[in-house]
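Chemist: There's a structure below that I have some questions on.
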Amino acid sequence: MSSILKKLPSKERINQAKQLSASIFGHAWNPSCARNGAKILKAPLKGPEVVNYYGVNDHLPTFQDFKAWFPELKLTDPRETYRLHMVQDRKKRNKGAPKKKSKSD
């Protein structure tokens, strides 16, 4: 029976496999679990650097702007129309938002 069971790999061999896996998949190899800046470097940028990098996006008109500029066209937002259609569809299937509680209760 003992001949069927195989010997487990040594700790050194397991570490070699983990190191190879880290190099293949682009992960940091840190066997001693020492603190490093990897967590901070992976995090998205924050603060004014990000705002300055992407710039201000006020110059692009939105659908609401066009609707306000040209009221005679009676424009309808297709996304809003679709959303309202989906809300009605959910209400038909009793999946809509629950009724609000009345003040008398």
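The values are calculated or read from the model by the stated rules, or taken from the named source; none is laboratory data. Just so we're clear, the structure is a prediction, and the values are computed from it rather than from any experiment. In this analysis, Cβ positions are derived from the backbone assuming ideal geometry, glycine residues included, and neighbour counts consider all displayed protein chains.
Chemist: Looking at this structure, is Ile14 in a helix (DSSP H, G or I) and within 26 Å of the chain's Cα centre (by Cα)?
Modeler: Numbers: in a helix (DSSP H, G or I): yes; within 26 Å of the chain's Cα centre (by Cα): no.
No.
Chemist: Also, I was wondering about something else. Within region 55-62, identify whether any single residue is farther than 30 Å from Ala28 by Cβ and either in contact with a strand residue (DSSP E or B) (Cβ under 9 Å, 6 or more places away or on another chain) or at pLDDT 90 or above (or both), and answer yes or no.
Modeler: No, every residue in region 55-62 fails to be farther than 30 Å from Ala28 by Cβ and either in contact with a strand residue (DSSP E or B) (Cβ under 9 Å, 6 or more places away or on another chain) or at pLDDT 90 or above (or both).
Chemist: Looking at (1) surrounded by fewer than 10 Cβ atoms within 10 Å (Cβ to Cβ); (2) part of a helix (DSSP H, G or I), find the lone condition where Lys100 falls short.
Modeler: Exception for Lys100: condition (2).
Chemist: Just a yes or no: is a residue in region 52-68 hydrophobic (A, V, I, L, M, F, W, C), loosely packed, with under 11 Cβ neighbours inside 10 Å and assigned to a helix (DSSP H, G or I)?
Modeler: No; the residues of region 52-68 include none that is hydrophobic (A, V, I, L, M, F, W, C), loosely packed, with under 11 Cβ neighbours inside 10 Å and assigned to a helix (DSSP H, G or I).
Chemist: Just to be sure, is Leu75 in a loop (DSSP other than H, G, I, E, B) and either of a type in the set (A, V, I, L, M) or surrounded by 10 or more Cβ atoms within 10 Å (Cβ to Cβ) (or both)?
Modeler: yes
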